[in-house]
Every structure is written in C-alpha cells, then in structure tokens.
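Reviewing the structure listed below.
A short reminder: the numbers here are calculations on the coordinates, not readings from a lab. Being a predicted model, the structure only gives us computed values, none of them experimental. All Cβ positions, even for glycine, are placed from backbone atoms using ideal geometry, and neighbour counts span all protein chains on display.
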Amino acid sequence: MRRSQAEQQALIEQQAQLLATIRQLSTPVLPVTQDALVLPLIGDIDTARSQQIVETLLNSVQRYRTKWAIIDITGVPLVDTAVANHLIQATQGVALLGARTILVGVSPELAQTIVGLGVDLKGLISQSDLRSAIAFVLKRSQQRSFV
C-alpha cells in the first residue's frame, strides 16, 4: 500500500519532533541556584551526544548568566578519551563565558583518562557528589556576598 506524500511528510515531521525531544531529554539543564546550574548525565555518551552536551551547556550558561556549571557524570558508565576531551572542552568553553565548571562523579578510570590527555587541570574543580558541589557553590556565593 502506498502512502500519500502528505502522510509521508507528516511522518517525517513527527519523527523529527521525536528526535528533538529525545535530544532535549538527554541533556537536561537544571538551574539550582541563582548562580548555578546542573547538567546531570545518564547513560552512554558517544561523540554526537558529547558535542550536543557541550553546545547545550554553553548555551545554558549564557542564557541563565550563571557563574557555576555543575556537570554530574555519576550515571555515565564509561567515558572514553574522545568524551573526556569533550568534557574538558566544555569546561574551557564555560570559562570563556566567565563561569566555572564543577565535575561531579569522576570515576578512577575517568581520572586516569583525563590525566592521560595531558590537559592543564588548574581550572578544573571536582567534587565527589552533587550534594558536595551544590554546598561548594553556596559557600562560595555566601563568601562573595560578605566581601
């Protein structure tokens, strides 16, 4: 049975909308304080998704005018060299926008991968879990307000 051109076009548009929704859900950005947002990541990250993560993060930092971007990778089972490199690039991009990045949930394997990349880690802040990262941001915000 042949579908009409209008039906095919409607299916193509519906599929495009579904893919856009999936992309949006795979990189959620959550403002948690006036100065901070969280990007919780879950599941496998390939090169395409890691590029999307960088783009979403940078756009969100600019949109929310945040000072802190917390990237939580606790739910990511494996981070290869390419993805680790994208995370470092995201950190550098956030710094160019005038904000700082906190990386949460770093596994021993990821730590080895990042060190193996030979990246300058001076600007990279890491916390063991999301609660610690938010407490860190809140403490820094309070210190700044008393100055």
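Here the extension length gained between I42 and Q89 equals 15.0 nm, from 0.36 nm per residue of separation less the Cα-Cα distance.
Its Cα centre serving as origin, the chain has a Cβ charge dipole (Lys and Arg +1, Asp and Glu -1) of approximately 580 debye. To the nearest ten degrees, helix 81-96 and the longest principal axis of the Cα atoms of the chain are 70 degrees apart.
The residue list L37, V104, V79 was ranked by how far each Cα lies along the charge dipole of the chain toward its positive end, using unit charges on Cβ atoms, and L37 comes out on top.
Here the Karplus curve 6.51 cos²θ - 1.76 cosθ + 1.60, taken at θ = phi - 60°, turns the phi angles of region 100-106 into couplings of 10, 10, 10, 9, 10, x, 6 Hz, with x standing for Gly and Pro.
For the pair A10 and Y64, what calculated FRET efficiency results from E = 1/(1 + (r/R0)^6), where r is the Cβ-Cβ distance and R0 = 35 Å, to the nearest 0.05? About 0.50, to the nearest 0.05.
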